[in-house]
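Please treat every number below as a calculation from the coordinates, not as lab data. Small disclaimer: the values here were computed from a predicted structure and weren't measured. Don't worry about glycine lacking a Cβ; one is built from the backbone with ideal geometry, like all the others, and counts go over all protein chains shown.
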């Protein structure tokens, strides 16, 4: 587990919140005073590649059926709303 001083944690808070994927021990004068546990993690390259492949496949399916992205989104919203109101 990474350890970081409280001053450094405070000074780099925005970056840490956006970029950290593992818990961090926060220390003051060498004593652990708390932990930062990220709520979300960065996606791996493999996961990002899988999303890219999925998007390409979806684009091909929509194009083959003559459906625009906007039409697909509107249909999704309509079906979701209909499911929620049941």
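Note the angle between two axes, namely the Cα long axis of helix 69-84 and the longest principal axis of the Cα atoms of the chain, as a number of degrees from 0 to 90, rounded to the nearest 10.
80
So if the hydrodynamic radius of the chain is defined as the Kirkwood radius over C-alpha pairs, what does Stokes-Einstein give as its diffusion coefficient at 37 °C and 0.692 mPa s, in µm² per second?
D, rounded to a whole number, is 193 µm²/s.
If you average the alpha carbon positions of segment 66-85 and of segment 1-21, how far apart do those two centres end up, in angstrom?
40
Using only Cα atoms, find the angle between the long axis of helix 45-65 and the longest principal axis of the chain, and express it within 0 to 90 degrees, rounded to the nearest 10.
With both axes taken from Cα atoms, the answer is about 20 degrees.
If a/c stays under 1.5 just call it rounded; otherwise compare a/b with b/c (prolate if a/b is bigger, oblate if not). Do that for segment 45-84, with a ≥ b ≥ c from the square roots of the Cα gyration tensor eigenvalues.
Judged from the Cα gyration tensor, segment 45-84 comes out oblate (a/c at least 1.5, b/c at or above a/b).
Go through 60-72, 19-31 and give me the packing order, highest mean Cβ count within 10 Å leading.
Sorting 60-72, 19-31 by mean packing, highest first, produces 19-31, 60-72.
Listing 51, 9 from the residue with the fewest other Cβ atoms within 10 Å to the one with the most, what is the order?
51, 9
In deg cm²/dmol and to the nearest 500, what is the mean residue ellipticity at 222 nm of the chain if only DSSP H runs of at least 4 residues count, each as -39500 (n - 2.57), divided by the residue total?
The helix contribution divided over the chain gives -18000 deg cm²/dmol.
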